[in-house]
1. Does K188 meet the test of being surrounded by fewer than 21 Cβ atoms within 10 Å (Cβ to Cβ) and touching a Ser or Thr at 6+ places or on another chain (Cβ under 9 Å)?
2. Could you pull out the residue among E53, E97 that is among the acidic types (D, E), touching a residue at least 60 places away in the same chain (Cβ under 8 Å) and in contact with a Pro (Cβ under 9 Å, 6 or more places away or on another chain)?
3. Name the pairs whose Cβ atoms lie under 6 Å apart, with the first residue in the stretch 140-169 and closer than 27 Å to A204 by Cβ and at pLDDT 95 or above, the second of a type in the set (D, E) and not in a helix (DSSP H, G or I), and 6 or more positions between them or separate chains?
4. Please go through the stretch 84-116 and pick out each residue that is polar (S, T, N, Q) and touching an Asp or Glu at 6+ places or on another chain (Cβ under 7 Å).
5. Considering only the stretch 274-321, how many residues are more than 23 Å from I388 (Cβ to Cβ), among the small types (G, A, S) and away from the ligand (no atom under 15 Å from the Cβ)?
6. Please specify each residue of the stretch 318-336 satisfying the condition of being crowded, with 24+ Cβ neighbours inside 10 Å and small (G, A, S).
7. Which count do you get for residues in the stretch 436-462 that are within 12 Å of the ligand (Cβ to nearest atom) and open to solvent by less than 40 Å² (accessible area, probe 1.4 Å)?
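The values are calculated or read from the model by the stated rules, or taken from the named source; none is laboratory data. These numbers come from a predicted model, not from an experiment. Cβ placement follows ideal geometry from the backbone for every residue including glycine, while neighbour counts extend to all protein chains displayed. Accessible surface areas use protein heavy atoms only, side chains included; no ligands, DNA or RNA. Shrake-Rupley method; radii C 1.70, N 1.55, O 1.52, S 1.80 Å.
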Amino acid sequence: MQDRYLDFINSPFGKSIASSLGLPMPVRLKRATAGYAAQPLAGVTALLAADAEATATGQVLAALVELGAAVQIAPAHPGLAPLKAAAQKAGIALQSEGGDSEPVAPVIVFDATGVSGAASLKQVYELFQPRLRRLPKHSRVVVLARATADTGSVEGATASMALTGFVRSLAKEVGKNGSTANLLVLGKNGDAWVKGALAFFTGANSAYVTGQVLTVDGAPKGVKAIASPEASLAGKVAVVTGAARGIGAAIAQVLAREGATVVGMDRPAEEGALGATLAPLNGVGLALDVTDPKAPERLASELISRFGGADIVVHNAGVTRDKMLRNMAPHLWDMVLDINLGAILRINDRLLQGALKDQARLVCISSIGGIGGNAGQTNYAATKAGVIGYAEALSQVLAKQGMAINAVAPGFIETQMTAAMPAANREVGRRINSLAQGGLPQDIAEAVTFLASPLAAGVNGQTLRVCGQNWLGA
Ligand SMILES: NC(=O)c1ccc[n+]([C@@H]2O[C@H](COP(=O)([O-])OP(=O)(O)OC[C@H]3O[C@@H](n4cnc5c(N)ncnc54)[C@H](O)[C@@H]3O)[C@@H](O)[C@H]2O)c1
């Protein structure tokens, strides 16, 4: 559904009215218009800084250069010496940042993996504070922290955790100009996998992801580093449930854009819409209700006979049947629980018995409603929180088999589901986030595609919120 306020506010007349009345002025976000390039940061300047004790600088610098960025340094920052040493070791030329009147680079990466204690956090302040007024629209800020358990000291763990509050607050400040700020937490084995995560978090693919904390650690058994983000899903087979429309259709499109062959599943009543979504993608439609008792077996045999199994499974099909619990009939409880949660478990149980290929990656669609809870959504929120627990628990089993599972929790996304909301609720739902607008199905699809791809090799068992930093459950 069209966001008329966003259209109005981005017209010259709307801008002047909004600024004189002090109304929110959301910036129209820049989203990806094509697949990942081999060097998605080619032509982009990235300012890289590090704290004086940072331990991931070499890997981060190499990743930015491999992604094509021209790397700039802040001339008078405490972490300059280790950064210069890493650049010299790798034979990388660093540019010096322009003066105080120049715009700041649109990508800022701060390696804060060495902060320990309150005093060393001042380095983060010193880097960002003087630059924020000059930050261009649509900028990407990525801060890297060491996982608290791996800092080796109480002071380190404290400082690492302090960075979450810093980044979440910074995201609320920079959202006004359509920029994002996110924190990547590096586990003991995470440094080697930082490149893929940086490709996503520094680019247009993460336009609606802000204020989030994601851990990057070791990859599942047998997974190799990616050479290039370009066409990273070429040759892969991806299943998407609920693919006929809305978020599921966008997921199918973005997976196909990155090279995957998509098998889309939806209810038999949606067969026409499913075919219309999949035909331009050269995908395969499967008119099958996820709750059909025969669905796990039919899907598994279809995948095995046609493709020898699937590399990617996205559990997107989902419904709401909202009622206050006191008024909720048992069939509304049962239906939501079965479609949104029961079916996922049954289908995966079957697919895990021989219908998944090596290094398969699974993604489940959760919801911020499952994190914050919503009056009238006890059934829905239970399923969406269940999905988060499921991904967390199953990830540990799958990692040993070389596979991974993660979840994506959408916020307010412009789809038929949200178009059906009462108008006042819809308008509030759109604005209560740091970017002051609803997301698009593409935003969820980009995050799912990242998690389904080798770019996210070091990400397992996690839930990534794609919500513009919605205030619900934040
Ligand atoms: N739209 C949002 O703002 C939002 C927010 C949070 C989470 N989500 C989640 O994202 C997912 C997609 O939502 P959407 O907004 O695109 O919804 P939608 O209603 O537009 O599309 C859902 C699709 O799932 C299919 N589906 C429903 N029941 C099915 C079944 N039993 N078997 C097979 N297919 C079935 C539908 O036919 C439809 O094509 C859902 O899991 C939803 O809970 C959406």
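1. Against the criterion (surrounded by fewer than 21 Cβ atoms within 10 Å (Cβ to Cβ) and touching a Ser or Thr at 6+ places or on another chain (Cβ under 9 Å)), K188 does not qualify.
2. Values: E97 fails: touching a residue at least 60 places away in the same chain (Cβ under 8 Å).
Being among the acidic types (D, E), touching a residue at least 60 places away in the same chain (Cβ under 8 Å) and in contact with a Pro (Cβ under 9 Å, 6 or more places away or on another chain) holds for just one of E53, E97, which is E53.
3. Listed pairs, sorted by first residue: L144/D111.
4. As a first pass, look at the stretch 84-116 and keep what is polar (S, T, N, Q): 88, 95-96, 101, 113, 116.
Scanning the stretch 84-116 gives a single hit, S116.
5. Selection size over the stretch 274-321: 6.
6. As a first pass, look at the stretch 318-336 and keep what is crowded, with 24+ Cβ neighbours inside 10 Å: 318, 336.
Within the stretch 318-336, G318 is the sole residue that qualifies.
7. The number of residues fulfilling the criteria is 8.
This table checks each residue for (1) farther than 29 Å from K172 by Cβ; (2) surrounded by fewer than 24 Cβ atoms within 10 Å (Cβ to Cβ); (3) in contact (Cβ under 8 Å) with a residue 12 or more places away in the chain; (4) within 16 Å of the ligand (Cβ to nearest atom).
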position: F200; (1), (2), (3), (4): no, no, yes, no
position: V209; (1), (2), (3), (4): no, no, yes, yes
position: V213; (1), (2), (3), (4): no, yes, yes, no
position: V216; (1), (2), (3), (4): no, no, yes, no
position: P220; (1), (2), (3), (4): yes, yes, yes, no
position: A227; (1), (2), (3), (4): yes, yes, no, no
position: T241; (1), (2), (3), (4): yes, no, yes, yes
position: A250; (1), (2), (3), (4): no, no, yes, yes
position: V254; (1), (2), (3), (4): no, no, yes, yes
